[in-house]
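Below is one structure, written out as structure tokens; the observations come after it.
Derivation of every value follows stated rules applied to the coordinates shown; laboratory data play no part. Keep in mind that what you see is a predicted model, and the values were worked out from it rather than measured. Using ideal geometry, Cβ is built from the backbone for each residue, glycine included, and neighbour counts are taken over all protein chains shown.
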Amino acid sequence: MNKIFRFLALSGLVFFQTTLLAKPLYKDASAAIEARVEDLLSRMTLHEKVMQLNQYVHGTNMNLHNIGKIDDHYPLEAGSYIYYSQDPEMRNELQKKIIKETRLGIPAIFAHDVTHGFRTIYPMPIAQAASGNPVLVEQTCAMAAKESRLSGTDWTFSPMLDVARDPRWGRITETFGEDPHMNSIFGVATVKGYQGDDISSTERIAACLKHFVGYGATQGGRDYRQADISDNDLWNIHLKPFKACVDAGAATLMSAFNDINGIPCTSNRNILTDILRNRWNFSGATISDWASVSQLKDYQATVATYSEAAIRSLLAGIDIDMCSGCYSSTLDSLANINAVPIDRINEAVRSVLRLKFRLGIFDRPFTTETKREKRLMTPENIAIAERLAEESMVLLKNNNNALPLTQHKIAVIGPAATDRRIMYGEWFSHGDVNDAQTLLEGITHEFESQTEISFAKGCDFDGNDRSGFPEAIETARNADIVILCMGERGNWSCENNSRAEISIPQIQRDLIKELSATKKPLVLVLTNGRPVVLTEIEPMLDAIIEIWQPGIRGGNALAGILSGRVNPSGKLPVTFPRSAAQIPLYYSSRRGARFSPHGDYKDIPSNPLYEFGHGLGYSCFEYGNIKSDKIHLNKDDELTLSIDVRNSGDKDGKEIVHWFVTDPISSVVRPFKELKHFEKKEIKAGDKQTFTFKINPIRDLSFMDNNGNLILESGDFIISVKDKKLKINLE
Ligand code: BGC
């Protein structure tokens with residue numbers, strides 16, 4: 001009796017300890033992530049599961065005076081929030097509430113569009129690509145990740161991998177340009193910079209690949225339009241960077257707004273499940289773009305109800321509904337009547353929970369509250385922003401060595417010289433425009449001790465007011481050289497900012513014409529987010545520097561180039577057309593039929609004003625011949641190519657070497673040439689560097705057929721670097 005009693009008492013104690021007192025497995029930091037996910041999932045109600053699949057906005061906008069409050073309209077069970085604050089306090093307050101007041105205490109993720117810096121703002125992505133320096137971009141993204149995570153943001157919606165070939169599209173500035181390989185390399189660098197080896201680190205954040213897929217091909221460059229993409233282009237151009245970044249371990253991915261062949265990407269099972277999950281084994285979380293689930297009904301009109309919109313998106317493969325409210329308002333009841341399978345809901349919830357465990361949010365839900373000076377705009381961070389700006393500026397023209405400047409009297413003219421806003425472009429997160437150094441401040445800082453600097457605005461970016469022209473002309477007359485700071489306003493590119501006319505506006509062109517009558521040398525400093533048409537004014541200019549939207553220390557970077565302290569080293573990641581009528585115009589078009597393979601116009605030339613890869617410097621780089629360790633290879637071999645580049649100038653400089661591959665005969669029409677490798681190296685004056693490219697046939701000589709199968713055809717291939725060529729043979 002006694003024994004039985006003791007046995008029962010003991011079993012009761014064990015039961016009490018293991019089930020009632022013991023920490024649930026999902027709260028055990030030492031358990032494996034998958035076990036924690038399954039344990040938590042098994043404890044969740046349907047409603048709790050559905051709420052994990054919703055993202056809400058926390059706070060109102062990024063206006064510093066209006067950062068939002070915690071109020072009752074945030075459902076505490078929501079999976080994630082787009083968070084608008086640059087301090088952790090508000091996040092922690094909400095997270096505390098979530099953990100305390102919800103049944104299972106599942107902490108939320110806080111996300112934000114950190115696309116070129118959090119508070120320290122770097123050049124726009126298109127400029128980053130112009131730097132030709134993915135290592136520097138990775139370091140910069142690591143800095144952005146640190147500022148973000150220390151401030152309470154765990155997840156960014158970047159990199160943007162939309163291959164863009166239409167400069168009328170405002171979002172071209174957020175891309176890495178027109179080439180799929182370049183987008184892949186910079187995309188991977190960005191993912192690595194944000195995520196490092198371990199996204200649970202207090203200095204790393206989760207990346208999000210966007211917009212899957214084809215948004216860059218939006219028709220006519222008008223935002224949110226349909227994208228008409230051939231299977232050939234889909235596989236060989238638009239999907240490529242996404243595949244590279246999925247392979248690099250990106251944690252999340254966002255669908256695109258556009259449709260492909262009539263199927264909106266938000267509800268496109270072929271791309272979101274068949275390709276992304278089944279072919280590529282993507283194991284991260286997927287999210288819709290902003291309200292794009294409800295847009296299936298409201299705009300694209302492929303469904304009649306929000307319930308249908310939710311069903312289509314979820315079944316296609318969208319795990320998280322960004323801010324449309326369709327999932328939260330319909331999925332519970334749909335699952336209850338079996339209109340959506342619970343297995344698919346479970347699968348989506350697993351993705352979200354897995355992301356939270358990977359980010360370490362369960363084990364460390366709060367962000368340590370630190371002083372802003374400790375985590376934002378550190379000297380190290382500002383220094384890297386300046387370096388990236390220096391490397392991303394592109395010297396497009398430099399007749400008679402107009403630059404670097406040697407004159408004693410410099411006139412700075414134009415609306416961009418004193419405008420802080422143009423330095424940041426758009427999506428500048430928590431950047432404060434007042435932190436940005438203007439171009440005039442940079443120039444003054446660089447030159448004032450030995451040079452006389454005068455300034456006249458001359459005109460605004462647009463409009464018809466010519467009242468500033470006389471002062472500008474007088475200022476130019478009294479100077480030895482004129483630096484024209486012109487281009488686009490800071491908000492003329494980015495989302496919903498397409499432009500039909502991509503010349504710089506008439507008023508600025510008129511001022512340039514009048515200034516050219518002074519016969520003073522004219523240097524145009526261009527600030528813009530897209531390729532612009534310069535054909536009319538280009539002959540009047542002695543030098544042109546494309547500085548894009550260069551970020552917080554763009555002024556210093558430009559001034560360094562003007563003075564010669566910095567040797568320009570950027571190269572164009574996009575083609576600059578002569579006329580908007582040439583669009584689309586990009587270097588890697590497929591071969592045409594008959595005698596004019598590029599397709600001619602009878603009234604204007606067919607070639608661009610500045611081609612992809614163009615960019616000058618103050619050194620003179622001489623290229624040797626391409627050498628190879630062998631000429632024949634088979635598909636499992638590798639072959640090493642090399643080229644010597646000598647700096648025969650008297651300034652140290654950096655050179656980007658682009659390696660292109662041409663397939664002279666192939667079973668399908670292929671591009672004239674395709675970029676397969678690039679590298680930037682410093683070459684001291686009088687010195688030489690050897691650049692190499694190791695060819696892997698499967699990676700570098702193949703193409704994809706219309707069903708996404710990799711095809712490798714034997715025969716000759718031409719490798720080219722500038723005008724140097726070498727034929728190799730695949731057996
Ligand atoms: C954009 C996305 C962005 C999202 C959240 C959308 O309008 O297309 O690129 O990440 O908003 O801000």
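Observations on the structure shown:
- Spatially proximal lysines relative to K651 (Cα-Cα < 17 Å; intrachain offsets below 8 disregarded): K680, K681, K684, K688
- Cα lying deepest toward the dipole's positive end in the stretch 569-681, options S588, S648, Y618, charges on Cβ: S588
- Here the 3J(HN,Hα) profile of the stretch 680-689, calculated from phi with Karplus coefficients 6.51, -1.76 and 1.60 at θ = phi - 60°, is 10, 9, 7, 10, 5, 4, x, 9, 9, 10 Hz, Gly and Pro shown as x.
- Cut-off under 5 Å, modelled amide H: who pairs with D113 long-range: F157
- Principal axis extents of the Cα atoms in the chain, from largest to smallest and rounded to whole angstrom, are 111, 63, 53.
- For the chain, size of Cβ-based charge dipole, Lys and Arg +1, Asp and Glu -1, in debye: 1160
- Amide H contacts of L639: I695, each under 5 Å away and 5 or more positions distant or on a separate chain (H built 1.01 Å from N in the peptide plane; Pro and chain starts excluded).
- For the stretch 605-731, a simple Cβ point-charge model (Lys and Arg +1, Asp and Glu -1, everything else neutral) yields a dipole of about 280 debye relative to the Cα centre.
- The alpha carbons of the stretch 384-435 give a radius of gyration and a Dmax of 14.6, 42 Å, in that order.
- Between K651 and K23, the C-beta separation translates, for a Förster distance of 51 Å, into a calculated FRET efficiency of about 0.20.
- The lysines whose alpha-carbon is closer than 22 Å to the alpha-carbon of K513, local same-chain residues fewer than 8 away aside, are K397, K409, K457.
- Once the Cα-Cα distance is subtracted from the 0.36 nm per residue extended length, the E373 to A517 segment shows a gain of 46.9 nm.
- Here the relative contact order of the chain, from alpha carbon pairs under 8 Å that lie six or more residues apart, stands at 13 percent.
- If both residues of a DSSP beta bridge must be in the chain, then about 50% of such bridges are antiparallel.
- Helix 326-336 vs. the chain, principal-axis angle (Cα, 0 to 90°, nearest 10): 30
- Fully extended contour minus Cα-Cα distance, from N400 to D716, at 0.36 nm per residue: 109.6 nm
- Each other residue within a Cβ distance under 12 Å of I728 adds +1 if Lys or Arg and -1 if Asp or Glu, for a net charge of -3.
- Take every Cα pair under 8 Å whose residues are at least 6 apart in sequence, average their separation, divide by the length of the stretch 107-187, and the relative contact order is 38 percent.
- Helix 379-392 axis, angle to the chain major axis (alpha carbon atoms, nearest 10°): 50
- Under-5 Å amide H pairs with I287, H placed in peptide plane, nonlocal only: L253, M254, S255, D319, I320
- Cross-link reach list, aspartates and glutamates versus K146, counting only Cα pairs under 16 Å and skipping chain neighbours closer than eight places: D87, D113, E138, D154, D197, D198, E203, E369, E373, E380
- Dividing the summed -39500 (n - 2.57) terms of all DSSP H runs of n ≥ 4 by the residue count of the chain sets its mean residue ellipticity at 222 nm at -8000 deg cm²/dmol.
- Here the Karplus relation 6.51 cos²θ - 1.76 cosθ + 1.60, evaluated at θ = phi - 60°, turns the backbone of the stretch 42-57 into coupling constants of 5, 9, 8, 7, 4, 4, 4, 5, 4, 5, 5, 8, 10, 10, 10, 8 Hz, with x for every Gly and Pro.
- Sequence ranges 395-407, 78-90, ranked by mean other-Cβ count within 10 angstrom, highest first: 78-90, 395-407
- Euclidean distance between Cα centres, the stretch 191-266 to the stretch 77-108, Å: 28
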